[in-house]
Amino acid sequence: MSPDARPEVRPVNESEFADWLRACRTGFLQSPVITPAYAAVRLAHSDLPRVLGAFDGGRCVATYRSFTQELTVPGGAVVQANAVSNVTVSPTHRRRGLLTRMITTDLAAAKERGDAVATLIAAEYPIYGRYGFGPATWFTEWSIDVRRTGLDPRRPVPDDGGRIDLVDAAEVRKLGPELYDRFRTGQAGATDRDEHWWATNTGQDPVGAEPWKEPYYALYRSAAGTAEGLVVYRAEPHWTDAGQPDNTAVVEKLIATSPAAERALWHFLCSIDWVTTVRTGCRAPDDLLPHFLPDPRAARTVTHADSLWVRILDVVRALEARTYSTPGTLVLDLHDPAGLASGRFRLDVRPGGAAECSPTDLAADLSMDVRELGALYLGDESVLRLQALGRVTEERPGTAVLADTLFRTPRRPWCPDIF
């Protein structure tokens with residue numbers, strides 16, 4: 001191919017899928033070796049019309065994939081999302097506009113399909129704002145010094161009549177989906193987990209890019225026998241020079257439908273013999289965890305970063321799906337260089353939090369880029385902060401305060417998964 005020729009961007013066919021996987025893993029600096037068994041499993045769970053690649057001389061040099069997802073919004077409703085994943089450009093083909101061509105094609109198709117929003121987890125922060133995405137959730141990770149918690153390790157049993165049992169993967173596949181669905185209805189920012197997710201994350205599907213290593217599963221049941229919490233964790237062994245155990249329990253997933261279940265699971269992790277440190281994994285920034293400990297300072301923040309990014313595609317459907325904190329009316333003037341969500345919209349919030357949204361010719365109260373509305377959508381970001389940063393313009397005095405009150409939620413949104 002001529003050095004000046006543009007790579008072809010198009011959906012991948014079945015015969016090209018293994019090459020697409022190789023390019024994807026190359027972009028993420030993972031081993032590019034793709035076994036036929038691994039390719040077959042990935043292919044079986046991919047929607048090929050939504051798997052895009054850029055091809056130069058018959059070789060895949062950029063990758064992109066999207067799939068249908070459900071996103072929980074404030075109030076407990078779900079919206080249909082276009083989830084974006086596996087975005088890479090090979091190091092030989094950077095800065096040629098390949099991502100722009102792929103994401104523009106996919107977002108236009110998602111808008112046409114009727115998706116209210118698009119979502120992604122950004123590997124790099126600066127990239128996706130120019131495509132209309134805003135960081136809508138954040139996460140925090142703590143490292144717990146078990147010896148400093150003030151907990152009595154001799155009393156790991158919940159004192160509320162509940163119990164904790166170690167269970168196997170089969171039990172998790174049986175009880176986990178229903179437990180998670182109850183959890184996600186109350187957690188803005190959570191996304192759905194299908195049957196394939198549970199199979200992949202419990203080792204039922206034995207084929208993967210890396211050998212499966214079985215973790216530990218602990219299930220909390222209430223006094224009535226209802227499953228209300230689940231933790232997945234691994235142990236990292238270490239012994240001191242003095243021959244003392246100094247192990248770390250690394251939490252991969254922890255969900256709970258009640259504070260009692262959440263407290264019991266964290267106390268259980270801190271009571272395991274030989275464990276002196278618990279790494280919590282990615283939690284909501286306002287997680288209750290530190291305050292479940294007699295000494296909250298035993299939980300030291302080690303990571304804080306953006307998590308789920310949201311891109312509004314259908315303003316009316318997206319804004320009407322969620323609930324709001326107080327009654328009020330706002331007229332939003334949205335700028336979208338891609339033309340997918342541009343326009344002026346009136347948002348009317350009724351008592352109780354439900355809202356109606358419609359295009360309007362009325363004068364704007366606030367103007368902003370669509371990426372800022374994505375950051376505000378789940379209730380985490382502050383309108384007043386964005387105004388101070390010059391990213392939201394108040395066209396009518398006092399409306400930034402009103403918008404901040406409308407959009408913010410009492411608890412911060414959180415996405416417990418990476419996709």
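In table form, for the structure just shown:
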item	result
Residue satisfying condition, being over 23 Å from Ala318 (Cβ atoms) and either among the aromatic types (Phe, Trp, Tyr) or surrounded by 18 or more Cβ atoms within 10 Å (Cβ to Cβ) (or both), within set Thr88, Thr92	Thr88
Qualifying position, being over 30 Å from Thr105 (Cβ atoms), over 28 Å from the mean Cα position of the chain (by Cα) and among the polar types (S, T, N, Q), among Thr405, Thr329, Thr323, Thr409	Thr329
Verdict on Arg42 being open to solvent by 40 Å² or more (accessible area, probe 1.4 Å) and more than 23 Å from the chain's Cα centre (by Cα)	no
Residue satisfying all of: in the range 10-33; within 27 Å of the chain's Cα centre (by Cα) and of a type in the set (Val, Ile, Thr); least open to solvent (accessible area, probe 1.4 Å) among these	Val12
Residue that is surrounded by the most Cβ atoms within 10 Å (Cβ to Cβ), among those in the range 141-157 that are of a type outside the set (A, V, I, L, M, F, W, C) and part of a helix (DSSP H, G or I)	Arg148
Matching option when the condition is under 30 Å from Arg412 (Cα atoms) and either open to solvent by 30 Å² or more (accessible area, probe 1.4 Å) or in contact with a His (Cβ under 6 Å, 6 or more places away or on another chain) (or both), among Thr100, Thr68	Thr68
Selection count where residues are assigned to a strand (DSSP E or B) and either under 27 Å from Asp181 (Cα atoms) or not basic (Lys, Arg) (or both), scope the range 21-72	19
Members of the range 217-268 that are outside any loop (DSSP other than H, G, I, E, B), of a type outside the set (A, V, I, L, M, F, W, C), closer than 16 Å to Asp145 by Cα and open to solvent by 20 Å² or more (accessible area, probe 1.4 Å)	Glu236, Pro245, Thr248, His267
Neighbours by Cβ (under 9 Å, 6+ apart or cross-chain): first from the range 158-181, without any contact (Cβ under 8 Å) to a residue 60 or more places away in the chain and assigned to a helix (DSSP H, G or I); second open to solvent by 60 Å² or more (accessible area, probe 1.4 Å) and of a type in the set (Asp, Glu)	Ala169/Glu214; Arg173/Glu195; Pro177/Asp194; Pro177/Glu195
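The values are calculated or read from the model by the stated rules, or taken from the named source; none is laboratory data. Worth saying up front: this structure is predicted, and the values here are computed from it rather than measured. Here Cβ is always computed from backbone atoms with ideal geometry, including for glycine, and neighbour counts include all displayed protein chains. Just the protein is used for accessible areas: all its heavy atoms, side chains included, with ligands, DNA and RNA removed. Shrake-Rupley method; radii C 1.70, N 1.55, O 1.52, S 1.80 Å.
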